[in-house]
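If you scroll down you'll find the structure; I have some questions about it.
Computed from the coordinates by the stated procedures, all read-outs in this text should not be read as laboratory data. Everything numeric in this text was worked out from a predicted model, so none of it was measured. Ideal geometry is used to build each Cβ from the backbone, glycine not excepted, and the neighbour counts take in all protein chains shown.
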Amino acid sequence: MTRNILKWALRIIAAVILLQTLYFKFTGAPESVYIFTTMGIEPWGRIGSGVVELLASMLLLIPRTTWLGAALALGTIMGAIASHLFVLGIEVQGDGGQLFMLAVLVAVCSALLLWMEKTAVINFIKTKKL
């Protein structure tokens, strides 16, 4: 029971963080445009990453596909973390490092979910079926 509650908490935390950033990405908020312009991938990087994060969020919340959502979220968010570390900096436009900390939190939640769902990942690899 406790493990199930933890898994749901991790799913919800990661999905909510990913979903709340979609508003900024899809509406072309100045902060989001600044980030992707600085990285040289505006607007397609902003919109594309938003679509991937939306898909990852949906997959995270479906118990059968949690592992797939976690893998997609972790891969995407590692790109965001690398962007902060090598291009943007930890703090972006005076946010006090909030975006970076949220990215790290999504990465931790996703990694824990992948570890907790390792049997599903192994079964998929063996059978190539969801």
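For the pair residue 27/residue 98, report the inter-label distance in nm, with labels modelled 7 Å from Cα in the Cβ direction.
Inter-label distance under the simple model: 1.4 nm.
Which distance in Å, rounded to a whole number, links the C-alpha centroids of the range 57-78 and the range 11-32?
15
Sticking with this structure for a sec: Any chance you could run the full-extension gain for residue 16 through residue 85? It's 0.36 nm times the residue separation minus the Cα-Cα distance, nm to one decimal. Walk me through the numbers before you get to the answer.
Values: separation 69, 0.36 × 69 = 24.84 nm, distance 2.33 nm.
Fully extending the segment from residue 16 to residue 85 adds 22.5 nm.
When N is the residue count of the range 2-127, what does its C-alpha Rg come to as a fraction of 2.2 N^0.38 Å? Could the numbers behind the result be given before it?
Working: Rg = 14.9 Å, N = 126, 2.2 N^0.38 = 13.8 Å.
Ratio of Cα Rg to 2.2 N^0.38 Å: 1.08.
Only helices at least 30 Å long along their own axis, judged from Cα atoms, and with Kyte-Doolittle mean hydropathy of 0.0 or greater: name those in the chain from DSSP H.
Helices meeting the criterion: 2-27.
Per residue of the chain, what 222 nm ellipticity follows from adding -39500 (n - 2.57) for every DSSP H run with n ≥ 4, rounded to the nearest 500? Could you put the intermediate results ahead of the total?
On the way: 6 runs with 100 residues, N = 130.
So the helix-based figure for the chain works out to -25500 deg cm²/dmol.
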